[in-house]
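Reviewing the structure listed below.
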Amino acid sequence: MKAGPPPFSSCQGGILVIKCNSNNIRAGRSAQREVYTLKYDFASLEPKWQKRWEEARVYAAQNGGEKPKFYGLVEFPYPSGQGLHVGHPRPYTAMDIITRKKRMDGCNVLFPMGFDAFGLPTENYAIKHHIHPAKVTRDNIANFTSQLKMLGFGIDWERVIDTTDPNYYKWTQWIFLQLYKHGLAYKATMPVNWCTSCKCVLANEEVVDGVCERCGSPVIRKEKSQWMLKITQYAQRLIDDLDEVDFVERVKTQQRNWIGRSTGAEVTFRATTGEEIVVFTTRPDTLFGATYMVLSPEHSLVRGWLEQGKIANGGQVEAYQQAAASKSDLERTELNKEKTGVRLEGVAGVNPVTGKEIPIFISDYVLSTYGTGAIMAVPAHDERDWEFAKKFGCDIVEVVSGGEDVQQAPFTAKDDSGVLVNSVFLDGMTVKQAIPAMTQWLEEQGIGKGKVNFKLRDWVFSRQRYWGEPIPMVYCETCGWQPLSEDQLPLVLPDVESYEPTDDGQSPLSKMTDWVATTCPCCGGPARRETDTMPQWAGSSWYFLRYMDPHNQEALASKEALDYWSPVDWYNGGMEHTTLHLLYSRFWHKFLYDLGVVPTKEPYKKRTSHGMILGEGGEKMSKSRGNVVNPNDIIAAYGADTLRLYIMFIGDFEQAAVWSDNAVKGCKRFLDKVWNLAESCQDSLEQSQDNAAALHKCIKKVADDIESMKFNTAIAAMMSLVGDFQKNGCTKGDMKALITLLSPFAPHIAEELWEMLGFYGALGFVCQQPWPEYDESKTVASQITMAVQVGGKLRSNIVVPADADNDAIVAAALADPKVQKFTDGMALVKSIVVPGRLVNLIVKPQ
RNA sequence: ACGGGUAUGAUGAAAUUGGUAAACAUGCUGGAUUUAGGUUCCAGUGCCGUGAGGCUUGUGGGUUCGAGUCCCACUACCCGUACCA
């Protein structure tokens, strides 16, 4: 470090006050930070303990043993060029505290870290600066690693993984091959989301508000041949098994909504030209009210009718199809106010129950990708159909009574408030009764059947990019797509001249003719390799398994390791991954479970989520806003312990929090106070009487708060305790307990003080001590203060013996002069005593 | 539009089953120490009022001896989904 921290002398045993100006520290933002004073020499003691921990391998996890296992996981970072920003340490510190506490509770802890290093930013950087992405990745990982180490996390660094390492992605490819062999990976040509700027397809989950999640460019629909993964086959299980896991509720609801299960029926209509038109509906009960049909513009029947010249207004229909196809997703969502469509002239549908001819429209409000791409429209009982019918003058026929006039507004209630009318054999039934009745009838008649539909689509799994896992597939003219044999893995990403994607949507790999040309694993004839690569989400879909046995060459992890560590006991990560990574990895894990590779149905027992750290203006931190806080600056100015403490003290862990440079100081002051107390405490190993109640309450509070992730109040409790120690004085015994409580939060200073007080030599590291014992009997005081209310208003406080009975408490309250002011001349009607808290006297005039 | 969440001092926020609202921290004010700044320590700091006291948890109602917490209605902001038939 060129302009690193100012020189220090050792401050063992004495208060050393060193002035240093932040200008000395580092250029940039820290130059604005105020002048501060150092109480203790964090800059040398933090690396000292980091080194000792590493040498003693205190955080290395054992695969097996007597202790109960605990696997704590955080989402591994994408090693970007900007390095760690202050948002990263929030979840990491939280899980570090949790796992440190578990270790002190006697668990064998696995707390690993790795890098999700494939991805576009690295590739783009490589293109711009003409450096190989592998080199960029290596440098970034080195930078991230040093930053993470500076924060003093109790990570098992012997298990680090990197998704771009062929030894790792060999197994990502292996899983893909298994998916292929089990029919869950397939190639299909279909309209996909195409990012115009990344020149790359996107999964549905990666399209946000009609634009690319990463770069914000418009996304258009494009027909492309893509590898797809059949996540839909697991849709039901992905919903069902949510009941078995301990995820925060909003994650569960978001996943359920995303998967979007709905039950209904498929009904077969017939066109006047003879073809069958199958529609999906959740309201088979309203079939008698179906007065027209709508097909999606892309529907194959429409294409057929056009080709056969059956549609009188074919020109109009084709124009509408073209307009719909050229709209981007963004335009579609923006223009969703007013319904558009074209009626097909010359072709009509027939309602299978009424036998009536009904018009057919095409409209982009019917999606080709959901259900059958065709609907029966019941304008009387569906908002969209009603709106469309009004605009195009379709009949509105009431089949459920109970609402307003259906000519004025649709009646959509699905409960018992509606009763069927105009529906022959359904008349008189409630909607709830009519749905199953109709479904059954349709099945008997052979014109329909019960059906469950999901919003979830299959996962588009190929990307036209360089920096990703090669897909281990080969195309042969005679044999079609063939998987590479497993002994060929890893299929290593070749070096290319240029990483630029081509405008026609080909991966840069396609230009590597030597690499592309290969032989067919099946017939030995000439064949070519797949040149698309896997999406970023591939490597992260199973990484938590690799941590269990990261160096295994024979399998993604040994059976023993998987059996021992599975499942992840506690996984913390961002809400933004709920419908992406979290869903994808649950899918892969279920597949691996079906193969017998992993022992549990679900990968994660418990899932929690952290809030974002926002810049000082309350805005998201970003390079363009210039409000990014680099943890290195804070560490240089205050030390890692202060940063860890502040980031946990900042507010509710699940809520977004605004960074404040100023408030960091409070945490530094707190550590200074702890340091001072350690230097000035009485030389007795006994815990002092005066502090006993406060200390034992604090032991319990901190333990409970860690479990429920209320780190802010845990720290507040320790701050209060320090206040008590300052007031009452404290002993070495008191400090011993406090330092132990503090160690998961501020591990470096805790170790240093532990050594300073002479415990290190005899007992070893503080992080390996058992959690202090909590003695409830010490928390009860002999005298308690109770509030006195008169008529619900606070009037006074009284001090009574802890074991006083209600009568004695009321008598004491009535005897209080401040209370008497309000009870004089009044009669006591009632008194309520809340044990240990308050007494409320209800009085009325005499 | 629907689903979920949030709303408390100047600021970040606390508050078991309904039980002393504002813990803890920042900021600010005054004082002590200091050549001075910073640090440290002490006191104060929701609002109105000299005071006794009154008022106060987005707004309006309700239940209760007692409501930030429960119920009803409303408003604002945030997140998610986006015509899913």
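The values are calculated or read from the model by the stated rules, or taken from the named source; none is laboratory data. Treat the numbers as computed from the prediction; the structure is a model and nothing was measured. Positions of Cβ are generated from backbone atoms using ideal geometry, with glycine treated the same way; all protein chains shown enter the neighbour counts. Ligands, DNA and RNA are excluded from the accessible area calculation, which covers all protein heavy atoms including side chains. Shrake-Rupley method; radii C 1.70, N 1.55, O 1.52, S 1.80 Å.
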_Could you compute how much accessible surface A:F247 exposes when probed at 1.4 Å, giving the result in Å² to the nearest 10?_
10
_Accessible surface, per residue, of segment A:533-671 when the full set of protein chains is kept, probe 1.4 Å, Å²_ = 31
*List every residue whose amide H lies under 5 Å from the amide H of A:D652, counting only residues 5 or more places away in sequence or on a different chain, with H placed 1.01 Å from N in the peptide plane.*
none
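Show A:V829, A:V267 ordered by accessible area, largest first, where the area counts protein heavy atoms only and the probe is 1.4 Å.
Details: A:V829 85, A:V267 0 Å².
Largest to smallest exposure gives the sequence A:V829, A:V267.
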*Using amide H atoms built 1.01 Å from N in the peptide plane, name the residues 5+ places from A:A60, or on other chains, whose amide H lies under 5 Å from its own.*
none
_Share of carbon and sulfur in the accessible heavy-atom surface of segment A:509-575 [1.4 Å probe, %]_ = 54
*Would you be so kind as to identify which of A:G152, A:G289, A:H129 lies farthest towards the positive end of the dipole of chain A, taking Lys and Arg as +1 and Asp and Glu as -1 on Cβ and the Cα centre as origin?*
A:G152
_Segment A:A437-A:A811, extension gain: residue separation times 0.36 nm, minus the distance between their alpha carbons_ = 127.6 nm
*Among the listed pairs A:K48/A:K732; A:K199/A:K339; A:K48/A:K665, those beyond 28 Å (Cα-Cα)*: A:K199/A:K339
*If the chain between A:D775 and A:E387 were fully stretched, how many nm would it gain, using 0.36 nm times the residue separation less the Cα-Cα distance?*
132.8 nm
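Fully extended, how many nm does the chain gain between A:A802 and A:E486 (0.36 nm per residue separation, minus their Cα-Cα distance)? If you can, show how the numbers build up before the last one.
Details: separation 316, 0.36 × 316 = 113.76 nm, distance 7.35 nm.
Roughly 106.4 nm would be gained on extension.
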*Area accessible to solvent at A:K414, 1.4 Å probe radius, in Å²*: 110
*For segment A:608-619, what does the Karplus curve 6.51 cos²θ - 1.76 cosθ + 1.60, with θ = phi - 60°, yield as ³J(HN,Hα) per residue in whole Hz, taken in order and with x for Gly and Pro?*
10, 9, 9, x, 7, 9, 9, x, 4, x, x, 9
*Within segment A:86-103, find all residues whose amide N lies under 14 Å from a label point positioned 7 Å from the Cα of A:V248 along Cα-to-beta-carbon.*
A:90-92, A:94-95
*Using only Cα atoms, find the angle between the long axis of helix A:640-649 and the longest principal axis of chain A, and express it within 0 to 90 degrees, rounded to the nearest 10.*
70
*Which ³J(HN,Hα) values, rounded to whole Hz and listed in residue order, are derived for segment A:525-542 from phi using the Karplus coefficients 6.51, -1.76 and 1.60 in 6.51 cos²θ - 1.76 cosθ + 1.60 with θ = phi - 60°, glycine and proline given as x?*
x, x, 8, 10, 7, 5, 9, 6, 10, 7, x, 3, 6, 5, x, 8, 7, 9
*Please find the FRET efficiency linking A:N313 to A:T272, where r is the Cβ-Cβ separation and R0 is fixed at 22 Å, and quote it to the nearest 0.05.*
0.90
*Could you pull out which residues in segment A:51-94 have an amide N less than 20 Å from a spot 7 Å beyond the Cα of A:S624, following the Cα-Cβ vector?*
A:80-83, A:85-87
*Using r as the Cβ-Cβ distance of A:R669 and A:K356, and R0 as 60 Å, what FRET efficiency do you calculate, to the nearest 0.05?*
0.15
_Distance between modelled label sites at A:E55 and A:Q655, nm, 7 Å Cα→Cβ extension_ = 4.5
*Where only protein heavy atoms count, and the probe is 1.4 Å, what is the accessible area per residue for segment A:452-526 in Å²?*
45
*Taking the Cα centre of chain A as origin and charging only Cβ (+1 Lys, Arg; -1 Asp, Glu), how large is the dipole, in debye to the nearest 20?*
1620
_With both bridge residues required to lie in chain A, what share of the DSSP beta bridges run antiparallel, to the nearest 5%?_
75
*Considering only DSSP beta bridges whose two residues both sit in segment A:232-381, what percent are antiparallel, to the nearest 5?*
85
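Roll a 1.4 angstrom probe over the protein heavy atoms and tell me the percent of accessible area of segment A:223-357 that is carbon or sulfur. All intermediate terms of the calculation are to be shown ahead of the outcome.
Details: 2820 of 6120 Å².
Carbon and sulfur atoms account for 46 percent of the accessible area of segment A:223-357.
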*Which pairs break 21 Å Cα to Cα here: A:K102/A:K701; A:K102/A:K605; A:K727/A:K818?*
A:K727/A:K818
_Label-to-label distance, nm, for residues given as A:T713 and A:T282 (7 Å Cα→Cβ offset)_ = 3.9
_Simple label model, 7 Å out from Cα along Cβ direction - A:R256 to A:N676, nm_ = 5.3
*Quote the accessible area belonging to A:V460 in square angstrom, nearest 10, computed with a 1.4 Å probe and with ligands, DNA and RNA left uncounted.*
10
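Show that you can apply the helix-only estimate: for chain A, add -39,500 (n - 2.57) for every DSSP H stretch of four or more residues, divide by all residues, and state [θ] at 222 nm to the nearest 500.
Calculated from helices alone, the mean residue ellipticity at 222 nm is -10500 deg cm²/dmol.
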_Solvent-accessible ranking of A:D704, A:D734, largest area first, probe 1.4 Å_ = A:D704, A:D734
_Give me the one-decimal Kirkwood hydrodynamic radius in Å for chain A, with the sum taken over alpha-carbon pairs._
32.0
*Only Lys, Arg (+1) and Asp, Glu (-1) charged, at Cβ; segment A:70-180 dipole about Cα centre in debye*: 200
_R0 of 60 Å, Cβ-Cβ distance A:N63-A:T785: FRET efficiency to nearest 0.05_ = 0.65
*Rank these residues by their accessible area, most exposed first, probe 1.4 Å: A:R57, A:R837, A:R463.*
A:R837, A:R57, A:R463
*Go through segment A:357-364 residue by residue and turn each phi into a ³J(HN,Hα) via Karplus (6.51, -1.76, 1.60, θ = phi - 60°); whole Hz please, and just put x for glycine and proline.*
6, 10, x, 10, 10, 10, 7, 7
*Other-chain or far-sequence residues with amide H under 5 Å of A:Y78's (modelled H)*: A:D116
*Please name whichever of A:L179, A:G729, A:S541 sits farthest to the positive end of the charge dipole of chain A, dipole taken about the Cα centre and charges placed at Cβ: Lys and Arg +1, Asp and Glu -1.*
A:G729
*Could you work out how far the C-alpha centroid of segment A:697-766 sits from that of segment A:210-278, in angstrom?*
50
*Compute the acute angle (0 to 90°) between the alpha-carbon long axis of helix A:711-728 and the principal axis of greatest extent of the alpha-carbon atoms of chain A; round to the nearest 10°.*
10
*Taking the Cα centre of segment A:446-568 as the origin and placing charges on Cβ (Lys, Arg +1; Asp, Glu -1), which of A:P470, A:P494, A:T519 is farthest toward the positive end of the dipole?*
A:P470
_Estimated dipole of segment A:729-792 in Debye, rounded to 20 [Cβ of Lys and Arg +1, of Asp and Glu -1, Cα centre]_ = 140
